[in-house]
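Below: the structure, in structure tokens.
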Amino acid sequence: MLLWTPDQVRGDGFGVVEWRAAMTEPSRRHAVFGYLIAAIILIADQISKFWIIDLIQLPRRGQIELLPILNFTWVENRGVSLGMLTASSDTQRWLLVALTAAIACGVAYWIWREKRRWDVFALGLVLGGALGNIGDRIRFGYVADFIDLHFGDFQPFLVFNVADAAITVGVVILVLRAFLLRDTKQPAPDENDRAANGDE
């Protein structure tokens with residue numbers, strides 16, 4: 001199957017280049033948008049950690065009560081979500097860095113290929129959060145968690161940070177959109193339906 005007609009191709013081949021650029025430009029705009037979201041999340045995460053560690057000095061203070069449902073509680077998370085894949089040695093730490101970096105590269109490539117804006121937005125949240133936590137593991141050997149949301153003795157989440165929140169929101173958006181888009185897809189009409197519509 002030809003991707004372009006002969007009259008689109010000039011002698012120097014520049015018409016093909018223009019055609020391909022026109023086809024990929026919207027996708028690239030979406031990719032830039034996704035990478036911008038990731039950069040915003042990364043910067044916000046790192047600023048919040050600088051504030052918590054260096055200005056408030058939460059590692060020394062341990063815990064600060066803010067509201068009846070919210071504390072700042074210092075936690076050094078040496079694993080990933082829910083304490084899984086805990087790195088108990090320096091070798092395991094760098095293996096975990098390599099694993100999460102590979103996942104981040106996969107998400108970055110997905111952003112480049114994705115054409116749906118809301119999916120790109122969600123992936124940008126995931127990428128920015130992943131990069132923020134990877135930076136912690138490289139610098140400190142652990143992820144700095146400090147947001148402690150609780151309702152009395154009930155704690156709906158483990159202590160988390162801005163990066164964790166961005167990752168969670170991004171994944172929830174992707175899952176919800178996957179279900180919603182699947183449910184709204186209409187089956188393609190069969191040949192009998194098309195014939196019937198053509199006869200009318």
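The values are calculated or read from the model by the stated rules, or taken from the named source; none is laboratory data. Just so it is clear, the structure is predicted and the values come from calculations on it, not from any experiment. Using ideal geometry, Cβ is built from the backbone for each residue, glycine included, and neighbour counts are taken over all protein chains shown.
Reported count of residues in segment 29-76, each being within 18 Å of Val126 (Cα to Cα) and of a type in the set (S, T, N, Q), is 2. For Arg93, the test of being under 19 Å from Val32 (Cβ atoms) and touching a helix residue (DSSP H, G or I) at 6+ places or on another chain (Cβ under 9 Å) is failed.
Looking only at segment 37-80, which residues are assigned to a helix (DSSP H, G or I), charged (D, E, K, R) and either touching a strand residue (DSSP E or B) at 6+ places or on another chain (Cβ under 8 Å) or more than 30 Å from Asp119 (Cα to Cα) (or both)? Spell out the reasoning first.
So the first thing to find is which residues in segment 37-80 are assigned to a helix (DSSP H, G or I), and the list is 37-55, 58-61.
Still in the running and charged (D, E, K, R): 45, 49, 54, 60-61.
Within segment 37-80, Lys49, Asp54, Arg60, Arg61 meet the criteria.
Of all the numbered requirements in (1) closer than 24 Å to Leu158 by Cα; (2) surrounded by 15 or more Cβ atoms within 10 Å (Cβ to Cβ), Asp54 misses one, and that requirement is (2). A search for C-beta distances below 8 Å between a residue of segment 158-173 that is in contact (Cβ under 8 Å) with a residue 40 or more places away in the chain and among the small types (Gly, Ala, Ser) and any residue that is crowded, with 20+ Cβ neighbours inside 10 Å and not in a helix (DSSP H, G or I), counting only pairs 6+ apart in sequence or on different chains, returns Ala163/Val143. Listed by first and then second residue, the pairs linking a residue in segment 130-152 that is outside any helix (DSSP H, G or I) to a residue that is at pLDDT below 95 and of a type in the set (Lys, Arg), with Cβ atoms under 6 Å apart and 6 or more places separating them unless they lie on different chains, are Gly141/Arg93; Tyr142/Arg78. Within segment 133-148, the only residue that satisfies the criterion of being out of contact with any Ser or Thr (no Cβ under 9 Å at 6 or more places or on another chain), more than 16 Å from Gly79 (Cβ to Cβ) and buried (at least 17 other Cβ atoms within 10 Å of the Cβ) is Gly135. Kindly indicate whether Arg29 is more than 19 Å from Gly132 (Cα to Cα), modelled with pLDDT under 95 and surrounded by 11 or more Cβ atoms within 10 Å (Cβ to Cβ). Answer is yes for this residue. Can you run down the residue pairs with Cβ atoms below 9 Å, 6 or more apart or on separate chains, where the first is in segment 99-127 and surrounded by fewer than 16 Cβ atoms within 10 Å (Cβ to Cβ) and the partner is not in a helix (DSSP H, G or I)? Sorted first by the residue in segment 99-127, then by its partner, the pairs are Leu99/Val80; Leu99/Leu85. The set of residues from segment 60-78 being exposed (fewer than 15 other Cβ atoms within 10 Å of the Cβ), touching a residue at least 12 places away in the same chain (Cβ under 8 Å) and over 13 Å from Ile147 (Cα atoms) comprises just one member, Arg61.
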